[in-house]
Amino acid sequence: MHYMKAINANIFDKEFKTYLIMKHVCILVMILFCFKGISQEEPAENFSGNNEFKLNVGYVIAGLPEVTYERILSDETSVGFSAAFSIDEDIDYDFIAVPYFRFYFGKKRNAGFFIEANTGIFTEENNDAKTESELGLGAGMAVGAKFITRKGWVAELVGGLGRNFLNTDVLSEVYPRVGISIGKRF
């Protein structure tokens, strides 16, 4: 009987030691998660998002809302695609799509001054007929600046022109590349 009490006490001691070890491990894990949670706030130059969605506020006001998606390739380069649709009958352009490549010169990741090479695909009312739209296709350049907050909000200014190579007898020889955009990097 005395032997059984010793075995029960020994089992109880092992269970108690296991309990204490598990308790300390749980406390250590919770402390590590707290430090991990605190370390999530990063400055803007270390913001790790590689995607951006933006709305060109300037075009919205003009009646030609433009939405842009941009994908970051490296700290200095990105590719993107902008699409605008006319909601105002006074605007000659019905649709504009602009795929682009950008090279950034700022100190922050994909922010600051940039240059852009783009291709413009657009439909424009025929100035002679005023009833049918013609397709235009061209290449262009733009310059601009992008600003980013610590939380990943972006503001952007861009300005440039492109040269139309298709249907130049009835369409404009140039297409615009302008904007004041706001958006979010994620």
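Rule-based calculations on the coordinates, nothing more; no lab input. It should be emphasised that the depicted structure is a prediction, and the values quoted were computed from it without experimental measurement. Cβ placement follows ideal geometry from the backbone for every residue including glycine, while neighbour counts extend to all protein chains displayed.
In summary, the convex hull built on the alpha carbon positions of segment 59-99 has an orientation-averaged projected area of 3.1 nm².
The length gained by stretching the chain between Phe105 and Ser48 to full extension, at 0.36 nm per residue less their Cα-Cα distance, is 18.7 nm.
Please arrange Tyr59, Tyr93 by how many other C-beta atoms lie within 10 Å of their C-beta, fewest to most. Please report the intermediate quantities before stating the final value.
Numbers: Tyr59 24, Tyr93 21.
Placing the least packed residue first, the sequence is Tyr93, Tyr59.
In this structure, Val79 and Val57 have a Cβ-Cβ separation that, at R0 = 30 Å, corresponds to a calculated FRET efficiency of about 0.85. In segment 48-185, one over the average inverse separation of all distinct C-alpha pairs is 15.3 Å, which is the Kirkwood hydrodynamic radius. On alpha-carbon atoms, Rg over Rh for segment 85-149 using Kirkwood Rh? Taking Rg over the Kirkwood Rh, I get 1.15. Between Ala155 and Leu135, the distance separating the two model label sites (each 7 Å from Cα on the Cα→Cβ line) works out to 3.9 nm.
In loop segments of segment 91-186 as defined by DSSP, the GluC sites (Glu not before Pro) with at most 16 further C-beta atoms inside 10 Å of their C-beta are Glu132, Glu173.
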